[in-house]
Amino acid sequence: MSKAERPKDSAEWRELLKAGFEYEYPEEIRQAPKRSLRRRARKIYRQDQKVELKRRIAEERRREPVTAGGAVVLIVGLLAVGLAANHWWPDHAGAPSTVIQAGSPDDTGTESSPAGGGGPTASPSAPATPKADLSTPEKTAEGWARAYMTRNPPVDKDQKVPVRRAAPWMTEALEKNLEQFDDKAWYQLVADGGVATVDKVTVGPADDDRVRKQADTPTRVWRRVTVDTTVAGYQKHNDTKVLLTEITRGDDGWRVGRVLGV
C-alpha cells in the first residue's frame, strides 16, 4: 500500500480493519443442526475473539507504543494464530439434553469427593471410563454426572461422545434421547474454546416442586444432582449445574432414566 492509499484518520483505519476480517469458525459450529444454534454460536465466538484481540493489543501497547500500521500487523498475526488454533480445535464433550417430566423423592444426600486434581486443559486422550457402580441411586447419579458433564471438544469431536461415555449409568431410552438433543451448552463451549472438568458432584434429596409429589419407591427415586465444573478456554471460570434425575432399579442395579435441567 502506497502512502497515498493509506487511511488518513482513525475512522478510515477502522473501516479498513472491519472490511478485512473474516472469521474462521470451528467445524462444530459450522455443522450445528439448526440455524439458530449456528447464529448464536458464531456470535459468541466473534465476541470472544474481539475480547481476546483487545486484551492482547492492550498488552502490546503497554510494552511500547503502536502505530496504526503496527496495529494492523499485530492483528493480522493474532488472526493467523487463531486460524491455526481452529485447525486443530474440535469440540467438546458434553451434552445437555432435556428430558421428560419429573416426580420427586426425599432422601438424605451424599456428597461426592472432589474429582482428581488438575486444571481443565485439553488432554491428549479421552478420559477413561471407570467401571459403573450401580449399587445405589447416589452412586449411579454421581457416576453419570461425572461422565456426562466432563467435556473436551478437542478430543471428543462430537457432542454424542459424552453421552456414550455416560451410557453405563443410564437407560438406553435416555441415551437415545440425549444423543438426539440439540446441546446448546456444547456449542457454547466450542465457541468459547473451552474444556470442562468436573470438580465435585453432590447428590441429595430432590426437594423440588416439579417432583415433590412423587415419593421414593423400592424401584424408583428422584435425586437432586449438583455438578461443579471448571471451564478453561479463552477465559477460565467455574460453573455449577443443578439437575433432577429419576433413577430406576433394574436387574443389574440402578440407572438414570430421566433428567430435568440439562
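The values are calculated or read from the model by the stated rules, or taken from the named source; none is laboratory data. The model shown is predicted, which means the values in this text are computed figures rather than measured ones. Don't worry about glycine lacking a Cβ; one is built from the backbone with ideal geometry, like all the others, and counts go over all protein chains shown. The accessibility values were calculated without ligands, DNA or RNA, using every heavy atom of the protein model including side chains. Shrake-Rupley method; radii C 1.70, N 1.55, O 1.52, S 1.80 Å.
Computed values, structure above
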{"read-out": "Cut-off under 5 Å, modelled amide H: who pairs with Val195 long-range", "value": "Ala232, Gly233"}
{"read-out": "Nearest-0.05 FRET efficiency for Arg212 and Val242, computed from C-beta distance (R0 25 Å)", "value": "0.95"}
{"read-out": "At R0 = 45 Å, FRET efficiency that the Cβ-Cβ distance of Lys43 and Lys200 yields, to 0.05", "value": "0.90"}
{"read-out": "Computed E for Arg35/Asp252 - FRET, C-beta separation, R0 45 angstrom, nearest 0.05", "value": "0.60"}
{"read-out": "Carbon + sulfur, % of accessible area of the stretch 156-262 - ligands and nucleic acids excluded, 1.4 Å", "value": "46 percent"}
{"read-out": "1.4 Å probe accessible area per residue over the stretch 131-185, in Å²", "value": "42 Å²"}
{"read-out": "Prolate/oblate/rounded call for the stretch 126-177, Cα gyration tensor, a/c under 1.5 rounded", "value": "oblate"}
